[in-house]
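Reviewing the structure listed below.
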Amino acid sequence: MTIVTYFLLSGIRPPGEAAGRTAVFILYPMVLFYTNARILTNHFFEAHKYGQWAVLAISLWLGVAALRVWTELAIFGGNVLSNPERTVGNGWKMYLVTVLIYFVLMIFSGLYQLLENRRELEARHAEAQLNYLKAQINPHFLFNTLNNIYAAATLQHPRTADMVLRLSDLLRYVTYDGQSLLVPLSKEIAQIRAYIELFQLKSENPLPIYFEVEGNLDDRLIEPLLLLPFVENALKHGDVEINPNGFLRIMLRNEASKLVFWVENSFDPHNQQKDEQGGVGLENIRQRLELNHRGRSRFETRIDGHVFRAELTLDF
């Protein structure tokens, strides 16, 4: 902007005068714009001090316009197109034109700052809401896992110590990595496997739980704790432990431009003692996707008889 202004002025004025006028043209509008936006709008208008804001805004508007005109008259004898011999007439005309231009600039700077403040508030609200959702998932995950360990300890299960160790590893991931914006996909998958192993430790016999991964996991980053709640939900609401025909199937396919993850589990639709199918965990996932992946994700759930399926597709 400065270079363009100087280039235009240098075509009709000497280089020294063109440089001086360029400084005046740039400096005063910048002072007006940012003083009105950062100080008056933020500290007075946004604080609902409308009377003080009005007095200060008018003073700034008319004062900077007068200072701009005085500077041009004192240094250059008039504006870039005026006749220096007619200083008085030029001064009033310059002031009226400058006042009108600066009035538009005042409106624009105020609106600009108000819109910027609203965008910042929306971003902070979204971040706070996302952190709240993550905080909901963590205790939910911990509560379910502690229930599993409690059941094993009550029965004096010999693998209780291993379960506590697994839980320690998972809590480390939830506590530290869970606060990150992104983690390697391989790390999220490792925690899913650890959670499944933790669940398997309760049973004397291997449970029909199948987890298949396709694609190259290198260099793929994902939001932490985005996939783990799918498995947690399936193990909590499914009947893989008590149904001889029960199952849990997990599939992750990582492609160049998208990631597909689905979890399918058997359940008893007549047994509602646990919680309604697809409870806290999946609802949080929906909200997190809406906040962070709007337009770049598809999340579907469906029930087919005794089978519940949740599927997530992320576009990259």
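For the residues 251, 163, what sequence is obtained by ranking on other C-beta atoms within 10 Å, fewest first?
251, 163
For residue 211, enumerate residues with amide H under 5 Å from its amide H, sequence gap 5+ or separate chain, H modeled in the peptide plane.
Counting only residues 5 or more places away or on other chains, the set is 250.
Give me the distance in nm between label points sitting 7 Å out from Cα along the Cα-to-Cβ direction at residue 70 and residue 123, one decimal.
The answer from the label model is 3.9 nm.
Can you tell me the FRET efficiency between residue 147 and residue 190 if r is taken as the Cβ-Cβ distance and R0 is 22 Å, rounded to the nearest 0.05?
It comes to 0.45.
Once phi is turned into ³J(HN,Hα) by the Karplus curve 6.51 cos²θ - 1.76 cosθ + 1.60 with θ = phi - 60°, what whole-Hz value does each residue of segment 57-65 show in order, with x for glycine and proline?
Karplus values, whole Hz, x for Gly and Pro: 5, 5, 5, 5, 4, 6, x, 5, 4.
What list of ³J(HN,Hα) couplings, whole Hz, do you get for segment 190-203 from phi and the Karplus terms 6.51, -1.76, 1.60, once you set θ to phi - 60° and write x for glycine and proline?
Going residue by residue, I get 4, 6, 5, 4, 5, 5, 5, 4, 4, 5, 5, 4, 6, 9 Hz, with x marking Gly and Pro.
Need the list of aspartates and glutamates near residue 93 for cross-linking: C-alpha distance under 20 angstrom, and skip anything on the same chain fewer than eight residues off.
72, 85
Under the Kirkwood approximation applied to all pairs of distinct alpha-carbon atoms, what is the hydrodynamic radius of segment 157-315 in Å?
Values: mean 1/r = 0.0609 Å⁻¹.
Its Kirkwood hydrodynamic radius stands at 16.4 Å.
Computed from the coordinates by the stated procedures, all read-outs in this text should not be read as laboratory data. In this text, all values refer to a predicted model and were calculated from it rather than measured experimentally. No Cβ is skipped: glycine too gets one built from the backbone with ideal geometry, and neighbour counts run over all protein chains shown.
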